[in-house]
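First the structure, in the form of structure tokens, and then the observations on it.
What follows is calculated from the coordinates using simple rules that are stated; it is not laboratory data. Not measured: the values here are computed from a predicted model. Backbone-built Cβ (ideal geometry, glycine too); neighbour counts: all protein chains shown.
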Amino acid sequence: MCDITRMRSDHFEAVTNAQTESELEEARLRAMGRKGEISQRLRSLGGMDPEERKRQAPALNALKSDLQKAIARRKQELADQALAELISKESADVTLPGRPRRRGTVHPVSQTIEEVSAIFADMGFGIAEGPEIETDWHNFDALNIPPDHPARQEHDTFFVRNRDPGRQHPNVLRTHTSPVQIRALTAQGAPIRVIAPGRVYRCDYDQTHTPMFHQVEGLAIDRDITMANLKWVLEEFCRAYFEVEQAELRFRASHFPFTEPSAEVDLRCSWKDGRLTVGEGDDWMEILGSGMVHPKVLEACDVDTDIYQGFAFGIGIDRLAMLKYGIPDLRDFFDSNLQWLEHYGFSPLDVPALHSGLSR
Ligand code: DAH
């Protein structure tokens, strides 16, 4: 009997001291495996005389069952311990400051849109938006470009299948931001002063053309707006954008269906050793198209042309970015090259504002 007491204390001790699942399994096998001490003793019951068997059998069976329970308990304890350790190791301290491994940068196109928006916001222009998939009415007809107009061909339009059975015309990927003039005017009416920066699409690809690029549209309609206002606004814009004291503009007569009269605008500049200087020099660089909004455009938006008139302009944003930041190839803008983005990108924390300097 005292032999069984010794067995109990030995095996219980082994189970309690097991520190890992495999140690616990070893202890179990030593007691109750095929060659384990308790198993062997149970097997030997058959050869005992009945009296002895009567004394030992209940004690051995009780020992076996108690030990099984102890093993199950210990197993659970070890699993709980392991989990607690894992949790304490993996817990995240949410009060720690972030430590970004790689800092993202603001793309030069986004930076330029921010800068342009800040400048025009300062002059009282709101921001208007329109869809990139446009109806051909907004993109062309309402802008005084009827179906047979040669300007339609010049736009290298991407057409989008129109699934609306009620409409015969295809939609288009907008070829310019000018349709936002139509949407803003129809929605808000006159007077209005907005710019509309955004993506536009044309089927074209070389060093200075990509199938997707960016423009910013400007529109100001009121009772007494003239080309003089247009000129002042654009000069102010160029001064602020290129961060120079003086910007001199030259208006060249041109033609756009949606403006009359129309002007292409050149900026006085000089190029020395591949570097651009704005505001002085003997060169002129074309930077945008503009004009007085054509009465037909105003009529398409139900604006009373006896009362209201105004100007519009369209600027290529990508080219503005290339000029200011010395980026030679337009296609690099859209290559997602991380090295390029790190070199030409801007800090996300330096939001462009006129009072603190546009680009720092
Ligand atoms: N929509 C023209 C283009 O994409 C640019 C433009 C020219 C816009 C003159 C205007 C404007 O608003 O008045 O080429």
Top of 59, 92, 118 by mean-square fluctuation, Gaussian network on the chain, Cα under 10 Å: 59
Neighbour-count order for 134, 260, fewest beta carbons within 10 angstrom listed first: 260, 134
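Using just the helices of the chain, give the 222 nm mean residue ellipticity in deg cm²/dmol: DSSP H runs with n ≥ 4 each add -39,500 (n - 2.57), and the total is spread over all residues, rounded to 500.
Working: 12 runs with 148 residues, N = 360.
Computed mean residue ellipticity for the chain: -13000 deg cm²/dmol.
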Cα-based shape type of the range 92-231, given that a ≥ b ≥ c are square roots of the gyration tensor eigenvalues and the cut on a/c is 1.5: oblate
Kyte-Doolittle mean at least 0.0, axial Cα span of 15 Å or more - DSSP H helices of the chain: 108-122, 227-241
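On a full-extension model of 0.36 nm per residue, what is the gain between residue 271 and residue 229, subtracting their alpha-carbon distance, rounded to one decimal in nm?
Stretched out fully, the residue 271 to residue 229 stretch lengthens by 12.2 nm.
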Computed lengthening from residue 206 to residue 78, 0.36 nm per intervening residue step minus Cα-Cα distance: 39.4 nm
Nearest-20 debye value, the chain charge dipole, Cβ charges on Lys, Arg, Asp, Glu: 2840
Approximate spin-label separation residue 353-residue 2, in nm, with each point projected 7 Å along Cα-to-Cβ: 9.1
Residue among 317, 270, 46 farthest towards the positive dipole end of the chain, charges placed on Cβ: 46
Over 27 Å between alpha carbons, listed pairs 54/75; 69/89; 64/89; 231/296: 54/75; 69/89; 64/89
Extreme residue, positive dipole direction of the range 2-90, given options 58, 9, 88 (C-beta unit charges): 58
Cα centroid of the range 316-360 to Cα centroid of the range 68-125, whole Å: 28
Packing rank of 122-128, 273-279, where each peptide gets the mean count of other beta carbons within 10 Å, highest leading: 122-128, 273-279
The range 108-344 shape via C-alpha gyration tensor axes, a/c threshold 1.5: oblate
Gyration tensor verdict on the range 1-46 (Cα atoms; rounded if a/c is under 1.5, prolate if a/b is larger than b/c, oblate otherwise): oblate
The range 200-315, dipole about Cα centre (Lys/Arg Cβ +1, Asp/Glu Cβ -1), debye to the nearest 20: 160
Set of lysines with alpha-carbon distance to residue 272 below 20 Å, sequence-local pairs under 8 removed: 324
Gaussian network model of the chain, springs between alpha carbon atoms under 10 Å - residue of 219, 24, 143 with greatest fluctuation: 24
Among 347, 27, 104 - extreme Cα towards positive end, dipole of the chain, charges at beta-carbon: 27
